[in-house]
Every structure is written in structure tokens, then in C-alpha cells.
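Asker: Please see the structure below; I have some questions.
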Amino acid sequence: MKIGEIEFGEKPVFLAPMEDVTDIGFRLLCKRFGAAMVYTEFVSAEALIRDVKSTISKLTISNTERPVGIQIYGRDVEAMVEAAKIVEQAGPDLIDLNFGCPVKKVAGKGAGAGMLQNIPKMLEITRKVVDAVKLPVTVKTRLGWNHEQLIITELAEQLQDCGIKALTIHGRTRAQMYTGEADWTLIGEVKRNPKIHIPIIGNGDIHSLDEADEAFNTYGVDAIMIGRATFGCPWIFSREELSFNQKLDILEELLRINVERIDEKRGILHTRRHLAATPIFKGIPDFRQTRIAMLRAEKMDELMQILEDTRKQLG
């Protein structure tokens with residue numbers, strides 16, 4: 001499987017771009033455990049061209065994590081083109097256009113999945129970004145705005161005609177947000193379309209490599225992207241069976257990385273999402289108070305002590 005000149009081999013599994021999740025520390029862990037490609041947090045085109053410091057910092061990538069994509073979103077054609085040029089200078093392996101984010105602050109303003117209500121502008125942005133940069137350009141989107149507008153089959157052809165090198169499809173509509181089940185049948189339909197010759201990447205409700213294998217075999221996609229199931233679980237990309245202690249070691253490493261990379265307060269906040277979601281604490285009896293203490297801890301030493309006490313209890 002190839003995107004442009006980037007070789008991935010057969011059935012690659014990617015880490016999805018996610019705001020406040022796919023920072024460089026987490027990406028490097030996912031890469032270590034086998035993610036075939038990783039993506040930065042998505043980047044606002046408007047903030048990028050205004051040179052907002054926190055946005056510019058998201059462009060920091062490491063050669064260790066390659067291949068890596070940077071994803072941008074926005075609703076203005078000129079801003080998206082200018083942002084793509086800025087991103088190209090950061091040296092990623094590809095640029096991804098986000099036409100799939102469903103959250104109100106993005107889609108409600110016409111960006112992300114909001115573009116599903118303005119297909120001519122979506123296609124104009126895509127065409128002009130492709131023309132403006134030398135890097136491969138890819139797109140991530142959804143099945144449609146709602147179940148009355150399941151337009152992905154035709155839209156995939158239109159986006160391909162704009163010159164993109166791959167298309168990622170999340171198997172939900174914007175109206176679904178992240179509720180219900182992802183519908184992979186339409187993703188498979190796009191892949192089987194004889195007019196489609198670019199790679200099709202499936203996304204939605206994949207929680208393990210076994211589920212990824214099943215989706216590859218059933219729907220014939222070229223790659224699979226995993227998003228929310230990676231929270232607190234960067235080892236999801238590995239077929240190796242890890243012990244509780246090994247998994248806890250990895251979460252503690254992530255905590256140290258985040259504190260060193262940012263600072264103690266924000267590093268802990270950045271790690272909380274992973275500690276709250278990690279499957280290693282699921283189903284433990286009488287764990288509620290420990291979980292609350294873990295998610296309230298504001299000092300590195302305090303949080304590490306809670307994790308180590310948990311290790312003694314369960315490891």
C-alpha cells in the first residue's frame with residue numbers, strides 16, 4: 001500500500017489525528033508499538049497564518065516518528081492554501097485536510113465536517129491545496145452530514161479528481177457525532193468502486209488489531225486508522241501480550257514525557273485523558289476512590305505514588 005511515494009506494506013494501521021491527544025510524546029509511543037503512520041493534532045489554518053504560538057508548536061515533528069502527517073482544518077480557501085504552505089515547511093510526509101471533525105466549535109462554523117454542507121467549497125479547497133504544495137495531500141471525512149445525505153460514494157470520486165493521494169472515511173455522519181455504530185458498508189462500497197484508484201483508509205469503532213484484521217478482510221480497505229481506542233493504550237498497535245506492570249510502565253513513561261515536554265501542571269492534565277480511559281484499570285473492584293484521586297492529583301510525585309500503590313495492589 002502506498003500514499004504517493006510512501007511505502008507501508010500490507011494492511012497498515014495508523015494513529016488518527018486527535019486534538020489534545022496526538023502530541024509528539026504519545027505519537028512516539030504509538031510508533032514504538034507499531035503504528036504504521038501517525039498524525040499530529042489537527043491544526044487550525046486561521047491560527048497558523050496568524051502565527052499563534054500554541055498552534056505553531058503543534059507542527060513540531062521528529063524523524064523517529066516518520067512517516068508522519070500534519071492535518072489542517074478551516075473554512076476559508078485562501079487560509080487553507082496559505083496554511084498548507086506553512087505546514088509544508090515543517091517537513092511532514094503528507095498533509096491531511098480535515099473535513100470530518102463533528103464538534104460544534106469546528107463543524108458549526110463551516111469547517112471540519114461542516115464542509116459536508118458545502119461540497120463545492122470543499123472541492124475548491126482540496127484542488128487549490130493540492131496545486132499549492134509538493135507533498136502528497138490526503139483527506140479525512142465522514143459518510144455525509146446525516147443519514148438523509150449519505151454522499152460519500154460520489155464525494156470520494158470528486159475528491160480523487162482533485163488530486164488527493166488517499167482518502168480516510170470515518171463510518172459515521174456528522175449528525176451521529178461519535179454515537180451509535182460506525183457503518184463500514186459504505187466504506188467498503190467506496191473501496192469496491194472501480195473508478196477509485198487511490199487508497200481508502202477506514203476509520204471508526206476499531207478497538208484491537210483483531211477487529212482491524214476483520215475489517216481488512218470484510219471491506220477490503222487499504223489501511224485502517226484507530227482513534228479513541230488508543231487513549232491510554234498506545235500498545236494497541238502491537239500483537240505482543242503485555243503484563244499489567246508493563247502497561248503501567250508505559251503510562252508512567254507517558255506522564256514523565258508530558259511533564260518534561262510541557263510543565264508539571266499541564267503535563268499532568270495532558271496525561272489525565274489517558275489515565276481516565278486506559279483499559280488496564282477497567283473492571284477492578286473498589287477502584288473508584290483511587291481513580292478519583294488519580295484524576296485529581298496535581299503534583300507529579302503524588303500521581304506517581306498513586307500509580308505505584310496501584311501496582312503493588314494489582315501488579
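The values are calculated or read from the model by the stated rules, or taken from the named source; none is laboratory data. Please read all numbers here as calculations on a predicted model, not as lab measurements. Glycine also receives a Cβ, built like all others from the backbone with ideal geometry; neighbour counts cover every protein chain displayed. These accessible areas exclude ligands, DNA and RNA; they are computed on the full protein's heavy atoms, side chains included. Shrake-Rupley method; radii C 1.70, N 1.55, O 1.52, S 1.80 Å.
Asker: Sort out for me the helices (runs of 4 or more DSSP H) sitting completely within the range 2-70 that have 2 or more residues that are over 20 Å from residue 226 (Cα atoms).
Answerer: Values: elements: 24-32, 45-49, 53-56.
Here the list reads 45-49, 53-56.
Asker: Right, next: Could you tell me whether residue 130 is more than 18 Å from the chain's Cα centre (by Cα) and under 20 Å from residue 69 (Cβ atoms)? Lay out the reasoning, then the answer.
Answerer: Numbers: more than 18 Å from the chain's Cα centre (by Cα): yes; under 20 Å from residue 69 (Cβ atoms): yes.
Taking the combined requirement at face value, the residue satisfies it.
Results for (1) open to solvent by less than 10 Å² (accessible area, probe 1.4 Å); (2) under 17 Å from the mean Cα position of the chain (by Cα), shown as yes or no for each residue.
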{"position": "58", "(1), (2)": "no, yes"}
{"position": "61", "(1), (2)": "no, yes"}
{"position": "64", "(1), (2)": "no, no"}
{"position": "72", "(1), (2)": "yes, yes"}
{"position": "75", "(1), (2)": "no, no"}
{"position": "82", "(1), (2)": "no, no"}
{"position": "90", "(1), (2)": "no, no"}
{"position": "112", "(1), (2)": "yes, yes"}
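Asker: Do we have residue 126 as more than 17 Å from residue 74 (Cβ to Cβ), part of a helix (DSSP H, G or I) and polar (S, T, N, Q) here? Even if it seems obvious, please write down each step before you answer.
Answerer: Numbers: more than 17 Å from residue 74 (Cβ to Cβ): no; part of a helix (DSSP H, G or I): yes; polar (S, T, N, Q): yes.
For residue 126, the condition - more than 17 Å from residue 74 (Cβ to Cβ), part of a helix (DSSP H, G or I) and polar (S, T, N, Q) - is not met.
Asker: Of the residues 223, 277, 293, which is under 21 Å from residue 170 (Cβ atoms) and either out of contact with any Lys or Arg (no Cβ under 9 Å at 6 or more places or on another chain) or modelled with pLDDT of 95 or more (or both)?
Answerer: On the way: 277 fails: either out of contact with any Lys or Arg (no Cβ under 9 Å at 6 or more places or on another chain) or modelled with pLDDT of 95 or more (or both); 293 fails: under 21 Å from residue 170 (Cβ atoms).
When all the criteria are applied, what remains is 223.
Asker: Still on this structure, I have one more. All but one of (1) in contact (Cβ under 8 Å) with a residue 60 or more places away in the chain; (2) under 16 Å from residue 141 (Cα atoms); (3) open to solvent by 20 Å² or more (accessible area, probe 1.4 Å); (4) not basic (Lys, Arg) hold for residue 213, so report the exception by its number.
Answerer: Answer for residue 213: the failing condition is (2).
Asker: Restrict the check to the range 265-277 and report whether at least one residue is farther than 20 Å from residue 23 by Cβ, of a type outside the set (S, T, N, Q) and out of contact with any Leu (no Cβ under 8 Å at 6 or more places or on another chain). Break it down stepwise before answering.
Answerer: Let us first name the residues in the range 265-277 that are farther than 20 Å from residue 23 by Cβ, namely none.
Checking the range 265-277: not a single residue is farther than 20 Å from residue 23 by Cβ, of a type outside the set (S, T, N, Q) and out of contact with any Leu (no Cβ under 8 Å at 6 or more places or on another chain).
Condition check ((1) among the small types (Gly, Ala, Ser); (2) under 26 Å from residue 91 (Cβ atoms); (3) surrounded by 19 or more Cβ atoms within 10 Å (Cβ to Cβ); (4) modelled with pLDDT of 95 or more) across all residues:
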{"residue": "105", "(1), (2), (3), (4)": "no, no, no, no"}
{"residue": "108", "(1), (2), (3), (4)": "yes, no, no, no"}
{"residue": "119", "(1), (2), (3), (4)": "no, no, no, yes"}
{"residue": "122", "(1), (2), (3), (4)": "no, no, yes, yes"}
{"residue": "133", "(1), (2), (3), (4)": "no, yes, no, yes"}
{"residue": "138", "(1), (2), (3), (4)": "no, yes, yes, yes"}
{"residue": "141", "(1), (2), (3), (4)": "no, yes, yes, yes"}
{"residue": "144", "(1), (2), (3), (4)": "yes, no, yes, no"}
{"residue": "147", "(1), (2), (3), (4)": "no, no, no, no"}
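Asker: A further question follows. Looking at (1) under 20 Å from residue 202 (Cβ atoms); (2) outside any helix (DSSP H, G or I), which is the only condition residue 110 fails?
Answerer: (1)
Asker: Give just the number: which of (1) among the hydroxyl-bearing types (Ser, Thr, Tyr); (2) over 15 Å from residue 29 (Cα atoms); (3) in contact with a helix residue (DSSP H, G or I) (Cβ under 6 Å, 6 or more places away or on another chain) does residue 230 not satisfy?
Answerer: Every listed condition holds for residue 230 apart from (2).
Asker: Restricting to the range 92-103, count the residues that are open to solvent by 30 Å² or more (accessible area, probe 1.4 Å) and either within 23 Å of residue 60 (Cα to Cα) or touching a helix residue (DSSP H, G or I) at 6+ places or on another chain (Cβ under 6 Å) (or both). Before you say what the answer is, go through the steps one by one.
Answerer: Our first condition is that a residue be open to solvent by 30 Å² or more (accessible area, probe 1.4 Å); within the range 92-103, this holds for 93, 103.
Those left that are additionally either within 23 Å of residue 60 (Cα to Cα) or touching a helix residue (DSSP H, G or I) at 6+ places or on another chain (Cβ under 6 Å) (or both): 93.
Looking only at that region, the number is 1.
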